[in-house]
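A short worksheet on the structure shown next.
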Amino acid sequence: MNGAESLTRRRGQVVLNLASLFFLELIYYGWVAGGVHNPVAVGLIGVCLIGLVLSFRPVIWKTGLWSLTHAKVETLDERQVMVTREALRYSYVIFVPCSLLLMFAAAVAGNHEWYIFDAVLPAGLLYFSHILPAIILAWREKVV
Amino acid sequence: MKPRKIYNRIPVFRNERDLSRQNLADLVGVNYQTIGYLEREEYNPSLDLAFRIAEAFGLPVDMVFSTKPMKPLSEVLRDHLEKEGD
């Protein structure tokens, strides 16, 4: 597989990972958390979970990008430090508006009886914040 | 300030010495992917790394790196021989 094919494939897996996370949260808060035990919705959550795991393994775990953003600076070379720093900067730029938007939505929806706050959203956000730098690296790096 | 592109002859000297990217990376203390990025001229090395690479080849740094596109070594040699002949 050449570099361009590998990058396209990696980007596809990034899209699958983020889409799985987004639809998992959407389906969960749209149907399941509200007490609607629709087997189709539960099945779709299962599909999202499978998509999340299947795309996580090749794009983040096997490439080692996961460890790059968690490694000590002394263990990285100058290019790795530079690209990791850039990825963290982009992560901050993406994550802060996402969090603010969710906080705003929670503030607006907080008074309604249908408003639900449980562990699924914070868990999703925690996962998102953790993988975001690695996902940005996977998206931008030509070769990993 | 937009950085200038730095050209190099790393692939030529590396192949001459029969070194793999990993070998050269180990010699200069970087990841092998960084050598790939340098060879494709997609990354400009720091001054320290440029010197370390030149030292690994046992050559002056201006023979390995340049801010202008580098002539093939055969052309440089021919020009040199022509100059000597004059």
Item to check | Between segment B:43-61 and segment A:3-77, the Cα center-to-center distance that results, in Å | outcome: 40
Checklist outcome for this item: Rounded to 0.05, the calculated FRET efficiency for the beta carbons of A:VAL53 and B:ASP18 at R₀ = 35 Å is 0.25
Checklist outcome for this item: Rounded to the nearest 10, the angle in degrees between the Cα long axis of helix A:78-109 and the longest principal axis of the Cα atoms of chain A comes to 10
Checklist entry - What residue among B:PRO72, B:LEU47, B:LEU59 has its Cα farthest toward the positive end of the dipole of chain B, where the charges are +1 on Lys, Arg and -1 on Asp, Glu, each on the Cβ? => result B:LEU47
Checklist outcome for this item: For chain B, the dipole about the Cα centre with charges only on Cβ (Lys and Arg +1, Asp and Glu -1), to the nearest 20 debye, works out at 380
Next on the checklist: Given Cβ point charges of +1 (Lys, Arg) and -1 (Asp, Glu) and nothing else, what value in debye, to the nearest 20, does the dipole of the protein assembly as shown about its Cα centre take?
Outcome noted: 280
Checklist entry - Once the Cα atoms of helix B:73-85 and of chain B are each reduced to a long axis, what angle between those two axes, in degrees from 0 to 90 to the nearest 10, is obtained? => result 30
Checklist outcome for this item: Using alpha-carbon coordinates alone, the radius of gyration and Dmax of the protein assembly as shown in Å work out to 24.9, 94
Item to check | Whole-angstrom Cα spans of segment A:5-68 along principal axes, big to small | outcome: 41, 23, 13
Checklist entry - Between A:GLU86 and A:LYS62, what is the label-to-label distance in nm when each label sits 7 Å out along the Cα-to-Cβ direction? => result 2.5
Item to check | Cα gyration tensor shape for segment A:1-107, rounded if a/c is under 1.5, else prolate or oblate | outcome: oblate
Checklist outcome for this item: Rounded to the nearest 500, the 222 nm mean residue ellipticity computed for chain A from DSSP H runs (n ≥ 4, each -39500 (n - 2.57)) alone is -24000 deg cm²/dmol
Checklist outcome for this item: Rounded to the nearest 10 degrees, the helix A:120-140 long axis (Cα) sits at an angle to the longest Cα principal axis of chain A of 30
Item to check | For segment B:7-85, diffusion coefficient by Stokes-Einstein and Kirkwood Rh (Cα), 25 °C, 0.890 mPa s, µm²/s | outcome: 187
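Since every read-out is calculated from the coordinates, none of them should be taken as a lab result. Since the model is a prediction, treat every value here as computed from it, not as a measurement. Methodologically, a virtual Cβ is constructed for each residue, glycine included, from the backbone with ideal geometry; neighbour enumeration extends over all protein chains shown.
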